[in-house]
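The values are calculated or read from the model by the stated rules, or taken from the named source; none is laboratory data. Quick caveat: nothing in here was measured; it's all calculated off a predicted structure. Quick reminder, even Gly has a Cβ in these numbers, built from the backbone with ideal geometry, and neighbours come from all protein chains shown. Just so you know, the surface numbers come from the protein's heavy atoms only, side chains and all, with ligands and any DNA or RNA stripped out. Shrake-Rupley method; radii C 1.70, N 1.55, O 1.52, S 1.80 Å.
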Amino acid sequence: MTRFLDMRLIFNSLILITSVFFVSCTGPPEQQAGKTVFRYNESSGITSLDPAFARDQANIWSANHLYNSLVQLDSNLNVQPCLAGRWRVSDDGKVYEFYTRSDVYFHDSEAFSGGEGRRMTARDAEYSLKRLLDADLASPGAWALAPVKIVAGAPAIRAVDDTTLVIELAEPFPPFLGMLSMQYCSVIPHEAVDFYGQDFRANPVGTGPFRFGMWKEGVKLVLLKNNKYFESQGNRRLPFLDAVAVTFIVDKQTAFLEFVKGNLDFMSGLDAAYKDEMLTPSGKLNPKYRGKINLLSQPYLNTEYLGILMDRENPLLKDNPLSDKRIRQAVSMGFDRNRLIRYLRNSTGTPGTHGFIPKGLPGFADSGLFGYDYNPEKAKQLLAEAGYPGGKGLPPITLSTNASYLDICQFIQNQLSAIGINMKIDVSPPATLKENIARSRVAFFRGSWIADYPDAENYLSLFYSRNFTPAGPNYTRFGNAQFDRLYQLASVENNDAKRTQYYRQMDSLVMEEAPVIVLFYDQVLRFVRSDISGLGSNPLNLLNLKTVQKNGN
């Protein structure tokens, strides 16, 4: 009987997958079939559907469709209940007690006896979080649980019973609750990992609003509506869509044309090749698309910057003029960020004339007490003080980037040449550049940091000496005893006002030493077909489809 049931489930799934695959590739037949399929493209591809490996935006988005964590963030980045209906934090800030919901079920899967998903419990949360920390898994997200106390070699995470989970921290860490909202911390069933082994990456089982349909790597991913999903909007159970179809068209121009033709429902961000087609110089939607496309925009917790290697032991720094703080500061003053935003970004984003903490987070330096404005005369003065009047005798510096940011780097190159700085540009494939940065193989590079969780600590962690790459996110290998002291004080400070004060002191110190040159604070740009509603936006640019409706469904 069980075998017959399994075969029937497989047969029914194949019918559904074929149906969704067909309707998601066409226009009007989709409505004729009575199905609503949300279609978008991931040019960078998806490498894994295991949430423990949700390290980039494409993987994070897919994980967000398939899984849930104990808590979640709303559109204003406030922590809200999710799998945990409520929680309690001890007075000393070290013990977190979560009380899980009793109405959450895992997706149906052949990993379960009878193929039917069972109820999720606190024991599943314990398993999932401990798995994330397992060294054998080698998850890039293990750092998300770094604050957890280790007792006798094991993390202090335990399920008291089916509905109560206790997590103990070594020290108070106020951002911890927000960190638990990350997709790395999604809850999964041990049965699926045991059943699929390493193939769990391509056979996901979660509790999310959508369940797995099919994945042909490099071609298409199809997710189907989870009819047992636990969340509702008003008196309607979520999600509203019948399916999600993700294509993997590598060429961004081709993907753009598919969107314009109506074959995709959504496009995130804007490539330089078609920014003038979609946006006016002031950053508004091109009037020709009104009525067909809607533009959603807001500040994005993403700081775009140039990073400078600070490790004096590295051979790349030998005779490198960027070893001199005055040269770094001169570079930061030597180009006009306002012009960069206006002409290269069609006025989308905020010039990076403040600190590293982006606009939208407590600690953002809106007072103007530190940071760098365009000041070519001061830049020339700094060059002269460093022994290079007018740039005479200054060795060339090489900036490493990828093709997507070549226009911005060329703009900076042109402006720096006017003050006597000869900057060369080395273009590498994104994956190669990322690896070279992580391994400290480039001295000057273009980078960006998108918030993992909504706290300025996430940005300042890039300059903490214990986070040196490749084990941590300190890609510049910046080390400063005063900064480390402030970072440690902020990490255990429960008073928000005091913690923000520490953050600003650290940001000011980073700007003074200039291991990074802030370019701009990014802006979320979402282009959506006019028949889509309920999508919304958020400062983390997380794609949440559970409340989306199409054609009035």
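Numbers for the structure displayed
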| quantity | calculated |
| --- | --- |
| Any hit, the stretch 253-261, residues being buried (at least 20 other Cβ atoms within 10 Å of the Cβ), touching a strand residue (DSSP E or B) at 6+ places or on another chain (Cβ under 9 Å) and either of a type in the set (Gly, Ala, Ser) or part of a loop (DSSP other than H, G, I, E, B) (or both) | yes |
| Close pairs (8 angstrom Cβ cut-off, 6 or more residues apart or separate chains): touching a residue at least 24 places away in the same chain (Cβ under 8 Å) in the stretch 339-353, in a loop (DSSP other than H, G, I, E, B) and open to solvent by less than 10 Å² (accessible area, probe 1.4 Å) anywhere | 341/348 |
| Residue in the stretch 240-247 that is at pLDDT 95 or above, closer than 25 Å to residue 101 by Cα, open to solvent by less than 30 Å² (accessible area, probe 1.4 Å) and part of a strand (DSSP E or B) present | no |
| Among (1) without any contact (Cβ under 8 Å) to a residue 12 or more places away in the chain; (2) in a loop (DSSP other than H, G, I, E, B); (3) of a type outside the set (Asp, Glu) - the single one residue 208 does not satisfy | (1) |
| Any hit, the stretch 510-533, residues being modelled with pLDDT of 95 or more, open to solvent by less than 20 Å² (accessible area, probe 1.4 Å) and assigned to a helix (DSSP H, G or I) | yes |
| Per-region count, the stretch 448-506, residues hydroxyl-bearing (Ser, Thr, Tyr), out of contact with any Ser or Thr (no Cβ under 6 Å at 6 or more places or on another chain) and surrounded by 20 or more Cβ atoms within 10 Å (Cβ to Cβ) | 8 |
| Unmet requirement for residue 281, which otherwise passes all of (1) assigned to a strand (DSSP E or B); (2) over 26 Å from the mean Cα position of the chain (by Cα) | (1) |
| Residues (among the hydrophobic types (A, V, I, L, M, F, W, C) and under 16 Å from the mean Cα position of the chain (by Cα)) located in the stretch 53-102 | 53, 54, 58, 60, 61, 63, 73, 77 |
| Every residue from the stretch 296-330 that is among the β-branched types (Val, Ile, Thr) and out of contact with any Phe, Trp or Tyr (no Cβ under 9 Å at 6 or more places or on another chain) | none |
| Single residue of the stretch 300-315 satisfying the filter (hydrophobic (A, V, I, L, M, F, W, C) and not in a loop (DSSP other than H, G, I, E, B)) that is surrounded by the fewest Cβ atoms within 10 Å (Cβ to Cβ) | 306 |
| Residue in the stretch 486-500 that is of a type outside the set (Gly, Ala, Ser) and closer than 15 Å to residue 358 by Cβ present | yes |
| The lone exception for residue 114 - which of (1) in a loop (DSSP other than H, G, I, E, B); (2) of a type in the set (Gly, Ala, Ser); (3) more than 26 Å from the chain's Cα centre (by Cα) it fails | (1) |
| Filter pass, residue 461 being under 22 Å from residue 79 (Cα atoms), among the hydroxyl-bearing types (Ser, Thr, Tyr) and without any contact (Cβ under 8 Å) to a residue 60 or more places away in the chain | yes |
| Whichever residue in the stretch 349-359 is part of a loop (DSSP other than H, G, I, E, B) and buried (at least 20 other Cβ atoms within 10 Å of the Cβ) and, among such residues, is modelled with the lowest pLDDT | 359 |
| Test for residue 483: is it among the aromatic types (Phe, Trp, Tyr), modelled with pLDDT of 95 or more and not in a helix (DSSP H, G or I) | no |
| Matching residues, the stretch 271-299, being open to solvent by 60 Å² or more (accessible area, probe 1.4 Å) and among the hydroxyl-bearing types (Ser, Thr, Tyr) | 282 |
| Residues (out of contact with any Ser or Thr (no Cβ under 7 Å at 6 or more places or on another chain), β-branched (Val, Ile, Thr) and under 30 Å from residue 483 (Cα atoms)) located in the stretch 507-546 | 510 |
| Number of positions in the stretch 142-165 that are in contact (Cβ under 8 Å) with a residue 60 or more places away in the chain, under 24 Å from residue 50 (Cβ atoms) and either open to solvent by less than 80 Å² (accessible area, probe 1.4 Å) or small (Gly, Ala, Ser) (or both) | 2 |
| Exclusive hit being over 22 Å from the mean Cα position of the chain (by Cα) and free of Cβ contacts under 8 Å to residues at least 60 places away in the same chain, set 126, 191 | 126 |
| Top-ranked residue in the stretch 414-447 [being surrounded by 15 or more Cβ atoms within 10 Å (Cβ to Cβ) and basic (Lys, Arg); ranked as nearest to residue 140 (Cα to Cα)] | 434 |
| Test set (1) buried (at least 20 other Cβ atoms within 10 Å of the Cβ); (2) touching a residue at least 60 places away in the same chain (Cβ under 8 Å) - residue 369 fails condition number | (1) |
| Conditions (1) surrounded by 15 or more Cβ atoms within 10 Å (Cβ to Cβ); (2) of a type outside the set (Ser, Thr, Tyr); (3) within 26 Å of the chain's Cα centre (by Cα): number failed by residue 376 | (3) |
| Among residues of the stretch 322-340, those that are open to solvent by less than 10 Å² (accessible area, probe 1.4 Å) and either outside any loop (DSSP other than H, G, I, E, B) or under 23 Å from residue 438 (Cα atoms) (or both), counted | 8 |
| Within the stretch 219-239, tally of residues that are open to solvent by less than 60 Å² (accessible area, probe 1.4 Å), touching a residue at least 24 places away in the same chain (Cβ under 8 Å) and under 22 Å from residue 264 (Cβ atoms) | 6 |
| Subset tally (residues that are open to solvent by less than 60 Å² (accessible area, probe 1.4 Å) and in a loop (DSSP other than H, G, I, E, B)) for the stretch 85-110 | 6 |
